[in-house]
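Asker: Have a look at this one before I ask anything.
Just so it is clear, none of the values below were taken in a lab; they were calculated from the coordinates. Keep in mind it's a predicted model, so treat the numbers as computed, not measured. So basically every Cβ, Gly included, is an ideal-geometry build from the backbone, and we count neighbours across all protein chains shown.
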Amino acid sequence: MPLPESCPTATNPSGTRGPIVSVRGLAIGYGSQPILEDLWFDVERGEILVILGESGCGKSTLMKGMTGLQRPLSGDVLIDGESIVMADPATKARLQRGLGITYQSGALFGSLSVLENVRFPLDEFTRIGLRQRNLIARMLLHLVELGHAETMMPAELSGGMIKRAGIARAMALGADILMLDEPSAGLDPITAANLDRTILDLRRRLGFTFVVVTHELQSIFTIADRAIMLDAESRGIIAMGSPADLRDRSQDPRVRQFFNHRPDTPPA
Amino acid sequence: MLDEQLTAFTIAPVWERALALLQAHPKREILIDASRLKRIDDTGIAFLYELRQETRAPGTGVIIRNLSPELSALVPDYPASELGTRPESPPSRPAIEQLGYVTRRKMRQIGNWLDFIADCARTLGPLSRRGNPIRWRETLDIAAEAGANAVPIVLLIGFLMGVIIAFEIALVAREFGAVIFVIDGVGIAMLRELGPLMTAILFAGRSGAAFAAQIGTQKVNEELDAIRTFGLDPIHFLVLPRLLAAALVVPLLTVFADVVGLFGGALVLIRFDIGLYQFYYRLLSVVELEDLFVGLLKAATFGLAIAAIGCRRGLTTGAGATAVGLSATGAVVTSIVCIVVLDGLFTILFDA
């Protein structure tokens, strides 16, 4: 479901196209041991790119590399043409503020209410008045259908609400790109479907670019314009394309296994 | 005229200016030209939304001109009343009803505490019962962590307490030629009061808080539920080893504090012409074994109280990381208050 060529968005009203994120020969790992190497791909403006693969293949590590949270062993990541790897601390912080990131656990601050969590980036980085910041935070919560939960504490929220509050917080500073790490993990199918709908709705209404790490097949087919599949053994990308193409046309047995939900060896 | 961009980092002065303009001209129509506006984010959307929602008298409204249809479509049109929820204020009660409510809550807390103590006693009672033995390995591990690792800090504080007490008393006693009686003061104060008290306060800060945080985190992570569903009793599994370890190590740490405290006092008194031998023999003549035992009994009681408070705070932890922090803080504060109250009771029982 690619966007039309001239789709105007909040973040890119002129509708110009071109990669908003470019991953160039990235190798990333722990210590000197690469988990992934020689990764090359672009994320187009306004698209929803899904990174998928089996557990432990490095999806979340790649996300950390793309957001500048983990320094790669080699290669580069360009955000809107600027390197987040080589950037000085001030530039890196500026580039990171342009990325809205949500984490597997939601990472809401436990001592702040939902409204205060969403308002937090505005409190820290802008000089907007308190009443206006509250209005912005309330509108974001309304957008993710959490208007009724603004006074609740994170400990009182369900898994789906935590993820949605995390998305609202990630949007607060006007991020161009939202990066979601396993947003539907641990959620029931209905809540996960609602979250997928929220993601699609945000893209349609505000034109966000999404990079979503997930291995939930239902989510992948619902939201993804394009998917890249990582593999632990080959430490790289083994497939790239639309989810339907990967499922129907890929000759790689690992891709077929993943999309057909089959283990290595069928039970006797 | 609005600029080309309205984003989180550029909007603050624009918003302030717009509000000032609205306030300054309540009886005029306000025209805002958005022809140059090309880029907005969520803050820009909120700004335009607020301007559109502004309610003013007829003919004095806010008109946003030349806003591109694409950007206009981003600004929602739901009423402001749809945004957020207002916290419901708790119903106000008459004073007498409030008093009853608070009393009932406090009585319930006391009842819960008594239940907890009864559970601990019930678990501790059949020590020799087969199939449900004391978990000595955990007890010794906790004792090592809470006891052996605390020795350096206890030695340091105990030594300094002895030095300070001896020095302060000796300065006054010298005026009356009664420096020899400083040994009586240091000996009795260290063995009966300062040794157990300082050790217990250190133990509360170091291990009482740790007990609350450990068990609290286990509660938050649903480990307590897992323990229960295995058919295990959290009191027996988690609390009892900590109670026993505390009752064991606090008296031992107190002995260390007593010895180094007395040694510190003896060193100070050299400066006041009292030698180490003189200190030793005077100490033996004025301090009785009862002083040591009362101090150790206090220490064991303090240890039990600190462990019980830490564990109970852990078991009643709410949800989230903040609740764990509150439990740890609460454990330390309650423990210190409890230590002082118990010390007062001991003084009435043994010294009066």
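Asker: Quick one: dipole size for the stretch B:5-82, taken about the Cα centre, charges +1 on Lys/Arg Cβ and -1 on Asp/Glu Cβ, in debye to the nearest 20.
Answerer: I would put it at about 360 debye.
Asker: Using +1 at the C-beta of Lys and Arg and -1 at the C-beta of Asp and Glu, which of A:L99, B:H25, B:I227 has the Cα lying farthest in the positive direction of the dipole of the protein assembly as shown?
Answerer: Farthest towards the positive pole: B:H25.
Asker: Cα centroids of the stretch A:234-254 and the stretch A:144-181: how far apart, whole angstrom?
Answerer: Going from one Cα centre to the other spans 32 Å.
Asker: Simple spin-label model, 7 Å along Cα-to-Cβ: B:N221 to B:V337 in nm?
Answerer: 3.1
Asker: Taking the Cβ-Cβ separation of B:D141 and A:R127 as r and a Förster radius of 56 Å, what is the calculated FRET efficiency to the nearest 0.05?
Answerer: After rounding to 0.05, the efficiency reads 0.60.
Asker: Between Rg and the Kirkwood Rh of the protein assembly as shown, both from Cα atoms, what is the Rg to Rh ratio?
Answerer: Radius of gyration relative to Kirkwood radius: 1.12.
Asker: Could you check the simple spin-label distance between B:Q278 and A:Y30, using points 7 Å along Cα→Cβ, in nm with one decimal?
Answerer: With each label point 7 Å from Cα toward Cβ, the separation is 6.5 nm.
Asker: Can you tell me the FRET efficiency between B:A80 and A:I190 if r is taken as the Cβ-Cβ distance and R0 is 30 Å, rounded to the nearest 0.05?
Answerer: 0.50
Asker: Just to confirm a number: summing +1 for Lys and Arg and -1 for Asp and Glu over residues other than A:D201 whose beta-carbon lies under 12 angstrom from that of A:D201, what do you get?
Answerer: Once positives and negatives cancel, what remains is +3.
Asker: At 0.36 nm per residue, minus the direct Cα-Cα distance, what do B:L99 and B:A321 gain on full extension? Give it in nm, one decimal, please.
Answerer: Fully extending the segment from B:L99 to B:A321 adds 76.7 nm.
Asker: In deg cm²/dmol and to the nearest 500, what is the mean residue ellipticity at 222 nm of chain B if only DSSP H runs of at least 4 residues count, each as -39500 (n - 2.57), divided by the residue total?
Answerer: So the helix-based figure for chain B works out to -22000 deg cm²/dmol.
Asker: Quick check: pseudo-label points 7 Å beyond the Cα along Cα→Cβ at A:Q251 and A:R97, how many nm apart are they?
Answerer: Placing both labels 7 Å along Cα→Cβ, they lie 5.0 nm apart.
Asker: Sum up the charges of everything whose Cβ sits under 15 Å from the Cβ of B:A166, counting Lys and Arg as +1 and Asp and Glu as -1, but leave B:A166 out.
Answerer: -2
Asker: Just add up the charged neighbours of B:I215: K/R +1, D/E -1, any other residue whose Cβ is under 12 Å from the Cβ of B:I215.
Answerer: Net charge in that neighbourhood comes out at +3.
Asker: What does the convex hull of the Cα atoms of the stretch B:188-243 come to per residue, in Å³, rounded to a whole number?
Answerer: Given the Cα convex hull of the stretch B:188-243, per-residue volume reads 58 Å³.
Asker: Highest first, please rank the peptides A:194-202, B:275-283 by the mean number of other Cβ atoms sitting within 10 Å of their residues.
Answerer: Descending packing order for the listed peptides: A:194-202, B:275-283.
Asker: If amide hydrogens are placed 1.01 Å from N in the peptide plane, which non-local residues have theirs closer than 5 Å to the one on A:R226?
Answerer: Amide H to amide H, under 5 Å and 5 or more residues apart or across chains, A:R226 pairs with A:I48, A:V50.
Asker: Listed here are the pairs A:K163/B:K106; B:K106/B:K219; A:K64/B:K219; A:K92/A:K163; A:K59/A:K92; B:K219/B:K298; which of them are more than 27 Å apart at the Cα?
Answerer: From the list (A:K163/B:K106; B:K106/B:K219; A:K64/B:K219; A:K92/A:K163; A:K59/A:K92; B:K219/B:K298), the Cα-Cα distance tops 27 Å for A:K163/B:K106; A:K64/B:K219; B:K219/B:K298.
Asker: Taking only the alpha carbons of the stretch A:114-210, what extent do you get along each of the three principal axes, in Å, biggest first?
Answerer: 40, 30, 19
Asker: For a quick check: sort A:E124, B:E288 by the number of other beta carbons within 10 angstrom, fewest at the front.
Answerer: Ascending number of Cβ neighbours within 10 Å: A:E124, B:E288.
Asker: Okay, next question. In whole angstrom, how far apart do the alpha carbon centroids of the stretch B:292-352 and the stretch A:203-220 sit?
Answerer: Measuring centre to centre over Cα atoms gives 52 Å.
Asker: Using a Förster radius of 22 Å, what is the FRET efficiency between B:A57 and B:L19 based on their Cβ-Cβ separation? Nearest 0.05, please.
Answerer: After rounding to 0.05, the efficiency reads 0.80.
Asker: Under 5 Å between amide H atoms, partner at least 5 residues away or on a different chain: which partners does B:I32 have, H built in plane at 1.01 Å?
Answerer: Distant-sequence amide H within range of B:I32: B:I63, B:I64, B:R65.
Asker: Here's another thing I want to ask about it. Mind listing the phi-derived Karplus ³J(HN,Hα) values for the stretch B:113-121, rounded to whole Hz, using 6.51, -1.76 and 1.60 with θ = phi - 60°, and x for any glycine or proline?
Answerer: With coefficients 6.51, -1.76 and 1.60, one gets 5, 5, 4, 4, 5, 5, 4, 4, 5 Hz.
Asker: Taking the convex hull of the Cα atoms, report for chain B its projected area averaged over all directions, in nm².
Answerer: Mean projected area of the Cα convex hull: 32.7 nm².
Asker: Apply the Debye scattering formula to the stretch B:3-47, with a single equal point scatterer on each alpha-carbon and no solvent, then give log10 I(q)/I(0) at q = 0.29 Å⁻¹.
Answerer: Each listed q corresponds, in turn, to -1.08.
Asker: Just the Kirkwood number for chain A, please: inverse of mean 1/r across all distinct Cα pairs, in Å, one decimal.
Answerer: Computed over Cα pairs of chain A, the Kirkwood hydrodynamic radius comes out at 19.2 Å.
Asker: Taking amide H atoms as placed 1.01 Å from N in the peptide plane, list the residues 5 or more away in sequence, or in a different chain, whose amide H sits under 5 Å from that of A:I35.
Answerer: A:I28, A:G29, A:Y30
Asker: Choose one of B:P251, B:F293, B:L262: the residue whose Cα lies farthest towards the positive end of the charge dipole of the stretch B:241-311 (beta-carbon charges +1 Lys, Arg; -1 Asp, Glu; about the Cα centre).
Answerer: The listed residue farthest towards the positive side: B:P251.
Asker: Still on this structure, I have one more. What ³J(HN,Hα) values, in whole Hz, does the Karplus curve 6.51 cos²θ - 1.76 cosθ + 1.60 give for the stretch A:185-198 when θ = phi - 60°, with x put for Gly and Pro?
Answerer: With coefficients 6.51, -1.76 and 1.60, one gets 4, x, 9, 6, x, 5, 5, 5, 5, 5, 5, 4, 5, 4 Hz.
Asker: In addition: How many Cβ atoms of partner chains, on average, are near each residue of B:42-51 if near means within 10 Å of its Cβ?
Answerer: The shielding value for this peptide is 6.
Asker: Then there is this: Put +1 on the Cβ of every Lys and Arg and -1 on every Asp and Glu Cβ in chain A; which of A:L200, A:H142, A:I84 then has its Cα farthest towards the positive end of the dipole?
Answerer: It is A:H142, whose Cα lies furthest towards the positive end.
Asker: Treating the beta-carbon of each Lys and Arg as +1 and of each Asp and Glu as -1, no other charges, what is the dipole magnitude of the protein assembly as shown about its Cα centre, to the nearest 20 debye?
Answerer: Charge dipole, the protein assembly as shown, about its Cα centre: 840 debye, nearest 20.
Asker: Something else: Please identify which residues in the stretch B:101-119 have an amide N closer than 18 Å to a label point set 7 Å out from the Cα of B:R228, following the Cα→Cβ vector.
Answerer: Hits in the stretch B:101-119 for B:R228 at 18 Å: B:112-119.
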